[in-house]
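Notes follow the structure.
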Amino acid sequence: MKEFVLDIDSLSVITHEIMLSLKQGGVIILQGDLAAGKTTLVSSFAKSFGGINCVTSPTFSLQQCYLDNIFHYDIYNYGLEHFLALGMLEELEKEGYHFIEWGDNDLMEILMSAEIPFVTIEIEKLGNKRVYKVNDAYAKS
């Protein structure tokens, strides 16, 4: 596990870590309290990857898509069962980067069973900065 303490202007470090860990794409599970910066991290990734400036939280829509290969999910309101019932697991097989806010151990077990590569990023508030704990133990690419 790698740990970084960064401000909002330094999030390209995390984008670099994601690209190193998931060269061919995969799932990025984002964990952290409300307002920890999960959507901000996705926004930074999309900006550096393809210049997208309008990333919003998919809290009520469940999924947002940016370009053809950046997908953003939020399972907080509906839960994992609803996510699976809608067939969203098949979405994760699409080529690209799939950011899932509020993923948990149950989701990780499903991804391991399906052999879908993923990394987890735990985000903690630390004043004006954030602590990012990146675990790429399940990245295969």
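What to note about this one:
- Helix 38-50 axis, angle to the chain major axis (alpha carbon atoms, nearest 10°): 90
- Taking 29 Å as the straight-line reach from the Cα of residue 94, the lysines in range (excluding those fewer than 8 positions away in the same chain) are 2, 23, 38, 47, 133, 140.
- Distant-in-sequence amide contacts of residue 26, defined by a placed amide H-H separation under 5 Å and a gap of 5 or more residues or a different chain, comprise 96, 97, 98.
- Nearest-ten-degree value, helix 12-21 long axis tilted from longest Cα axis of the chain: 40
- Close amide H pairs (under 5 Å, H built 1.01 Å from N) link residue 32 with 102, 123, residues at least 5 positions away or on another chain.
- In the chain, helical runs assigned H by DSSP with n ≥ 4 each contribute -39500 (n - 2.57); averaged across all residues and rounded to the nearest 500, the mean residue ellipticity at 222 nm is -8500 deg cm²/dmol.
- Rounded to the nearest 20 debye, the dipole size of the chain about its Cα centre is 500 debye, using +1 on the Cβ of Lys and Arg and -1 on the Cβ of Asp and Glu.
- Shape class of the chain from the Cα gyration tensor (axes a ≥ b ≥ c, square roots of the eigenvalues): rounded, since a/c falls below 1.5.
- Pairwise FRET efficiency - residue 89 versus residue 16, Cβ, R0 = 25 Å, nearest 0.05: 0.35
Every number in this text was worked out from the coordinates using simple rules, so none of it is lab data. The structure presented is a predicted model; accordingly, all values stated were derived computationally and were not measured. FYI the Cβ positions are ideal-geometry reconstructions off the backbone, even for glycines, and counts take in every protein chain you see.
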